[in-house]
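A.B. asks: Structure in structure tokens, see below.
The values are calculated or read from the model by the stated rules, or taken from the named source; none is laboratory data. The structure presented is a predicted model; accordingly, all values stated were derived computationally and were not measured. Neighbour counts are summed over all protein chains in view; Cβ atoms, including those assigned to glycine, are modelled from backbone coordinates with ideal geometry.
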Amino acid sequence: MPILNRASEMHEEIVGWRRHLHQNPELGFDLADTSAFVADRLRAFGCDEVVTGIGRTGVVGVIRGRHGAGRTVGLRADMDALPLDERSGVSHASHTAGRMHACGHDGHTAMLLGAAKYLAETRNFAGSVVVVFQPAEEIGGGAREMLAEGLMERFGIERIYGMHNMPGIPLGHFAICDGPIMGAPAKFSITISGRGGHAARPHTTIDPILAGAQLVTALQTIVSRRTDPLASVVVTITKVDAGTAYNIIPEKIELWGTVRALRMADAEAGKEQVTAVCAGVAAATGAKIEIDYEGPYPSTVNPPQEARFSAQVAQEVVGADRVDANVKPSMAGEDFARMLAARPGSFIFIGNGDSAELHHPAYDFADEAIPAGVSYWVRLTETALAPR
Ligand SMILES: [Zn+2]
Ligand SMILES: [Zn+2]
């Protein structure tokens, strides 16, 4: 089954939903309009069950096949946008300043709605498919709250699948790998407290800026000297907040940063190593260094069998030459990791072509990817739930 004719017929309608969502972005868990839009459509398609309010604004639809009892698979999309001013210049740009669908979750939601419409019309499978629309992917916590409210148990979900668009992968292509496909992120803020004073009398102070400069450099030894060169780890300092005048040594400065690794063991080691480096710099400089460390959150890991299954489904949709089954993972984090930790399944990338990067103000989801994405969801469902 290549790209479905029906998916092509529905293209204009799905693009309409996608652009409506793009114009009306909402953030985090505050998805009142988005989740109502999704739930209204799922009801109109004739889903057997539509449940709202799971994980605050999460929405779930259940569609039963017409070939009797069977297994249950879940398909998941994310719905939230980012706090960003859009500069895409497109006619369907965000109507709200400071909010933008810069990660393509509008496209993910529209594609899964398209698949739900098709699957509710045709029902050519045994058992049930559960379409899961989660809030708060970007800020994290949406998946955790849906899981805590019994998402998997309540709907009997046995396998769970996710999809994310990826700029740089050609349109109409898919990419996946087995093992970790998205990283385990952690973030930290570090407060360095010294003793302030006159810039001309440093010997009477404890200079937190000098301690901070040493710390920024020393933290780079985590990757270069404390981590196996064959492991994948990145440490980045992203913000330095220090000082007020050219002649004052400040009391206190603040650094923000992130540690990311592909494997959880490396991510957890990162936390101990940041702590150890801070203790060393504190001892050497006399400054007091406090760390507020959040994470690591789990990496997104595809079991080999599920990665193969998903690659095969994608190949059947777009052809073997358009599927990279061995793509390099991304060090970005993904909240879907928690769902994949709860049930077997996979996370696949769908090409967004030559677009701006994710989280960039000029980014836009490529509507041309929609028929392939919808067809992938349908094909995956009909294969995983084929009548025996
Ligand atoms: Zn994102
Ligand atoms: Zn995203």
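A.B. asks: Among residues belonging to segment 350-365 that are surrounded by fewer than 16 Cβ atoms within 10 Å (Cβ to Cβ) and acidic (D, E), point out the one that is farthest from the chain's Cα centre (by Cα).
C.D. replies: D354
A.B. asks: Got a number for residues in segment 66-114 being of a type in the set (V, I, T) and more than 25 Å from V378 (Cβ to Cβ)?
C.D. replies: The qualifying residues number 2.
A.B. asks: Of these, A276, A282, which one is surrounded by 15 or more Cβ atoms within 10 Å (Cβ to Cβ) and either modelled with pLDDT of 95 or more or assigned to a strand (DSSP E or B) (or both)?
C.D. replies: Residue meeting the stated conditions: A282.
A.B. asks: Now, a different point. Looking at this structure, is H67 assigned by TED's automatic domain parsing to the domain that holds G104, in contact with a Phe, Trp or Tyr (Cβ under 8 Å, 6 or more places away or on another chain) and farther than 27 Å from E316 by Cα?
C.D. replies: For H67, the condition - assigned by TED's automatic domain parsing to the domain that holds G104, in contact with a Phe, Trp or Tyr (Cβ under 8 Å, 6 or more places away or on another chain) and farther than 27 Å from E316 by Cα - is not met.
A.B. asks: What's the total number of residues in segment 25-69 that are closer than 24 Å to Y118 by Cβ, under 21 Å from the mean Cα position of the chain (by Cα) and of a type in the set (S, T, N, Q)?
C.D. replies: Here the count works out to 2.
A.B. asks: In the set G172, G140, G162, which member is within 16 Å of ligand 2 (Cβ to nearest atom) and modelled with pLDDT under 95?
C.D. replies: G140
A.B. asks: Which one is surrounded by the fewest Cβ atoms within 10 Å (Cβ to Cβ) among residues in segment 121-166 that are within 13 Å of ligand 1 (Cβ to nearest atom) and part of a loop (DSSP other than H, G, I, E, B)?
C.D. replies: I139
A.B. asks: Further question: Go through segment 66-119 and give me each residue that's part of a strand (DSSP E or B) and among the polar types (S, T, N, Q).
C.D. replies: Passing the criteria: only T72.
A.B. asks: Taking segment 299-325, which residues are part of a loop (DSSP other than H, G, I, E, B) and either at pLDDT below 95 or among the acidic types (D, E) (or both)?
C.D. replies: none
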